[in-house]
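**Q** Provided herewith is a single structure, encoded as structure tokens, for subsequent inquiry.
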Amino acid sequence: MRIVRRSLAVLLATLMVAPAAHAQTHVVDRTALAQAVQERVSRDQADRDAILALLARTEVRQIAARTGLSLETAQAAVSTLQGQELTDLASQARQANDDLAGGASTVTISTTTIIIVLLVIILIVLIAD
């Protein structure tokens, strides 16, 4: 009789907990979550594209050749960048791209510095992995 009572108590406890566990509500709607994830993926891809666009410029290729840096390695490392590091480098790449596209000659030193720093950071990321 004791075993029957314990079994019945376990069964009733399970039946009482099951509806509560099943009725959980989500804090964030699934469509909103999917949209947020898609926006983040799109933003990260746009950042990577900005960095790759800078690395594809002839000016950058010339600087890399003079300094002995491999642009292929740097381009491969772009896919490993994440988070704030990706955002910061993309911002610098966009600025350098804008300066180079505008033909600004007064920003040559700062653009060159940005390019070199960008390449060094990408190489450090590659070595760290």
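The values are calculated or read from the model by the stated rules, or taken from the named source; none is laboratory data. Owing to the predicted nature of the structure, the values given are computational and were not obtained by experimental measurement. As a convention, Cβ positions derive from the backbone with ideal geometry for all residues, glycine included, and neighbour counts pool all protein chains shown.
**Q** Any residue in the stretch 51-63 that is surrounded by 14 or more Cβ atoms within 10 Å (Cβ to Cβ) sitting within a Cβ distance under 6 Å of a residue that is hydroxyl-bearing (Ser, Thr, Tyr)? List the pairs, counting only those 6 or more apart or interchain.
**A** none
**Q** Among the residues of the stretch 65-89, how many are on the phi > 0 side of the Ramachandran plot and of a type in the set (S, T, N, Q)? Break it down stepwise before answering.
**A** Taking the stretch 65-89 as the starting set, the residues that turn out to be on the phi > 0 side of the Ramachandran plot are 68, 83.
If we keep only those that are of a type in the set (S, T, N, Q) as well, we get none.
Qualifying residue count for the region: 0.
**Q** Here are some residues: Val17, Val27. Which one is more than 30 Å from Ala101 (Cα to Cα), outside any helix (DSSP H, G or I) and modelled with pLDDT under 80?
**A** Working: Val17 fails: outside any helix (DSSP H, G or I).
Criteria check complete, one pass: Val27.
**Q** Any residue in the stretch 70-88 that is over 19 Å from Arg57 (Cα atoms) sitting within a Cβ distance under 7 Å of a residue that is among the hydroxyl-bearing types (Ser, Thr, Tyr) and assigned to a helix (DSSP H, G or I)? List the pairs, counting only those 6 or more apart or interchain.
**A** none
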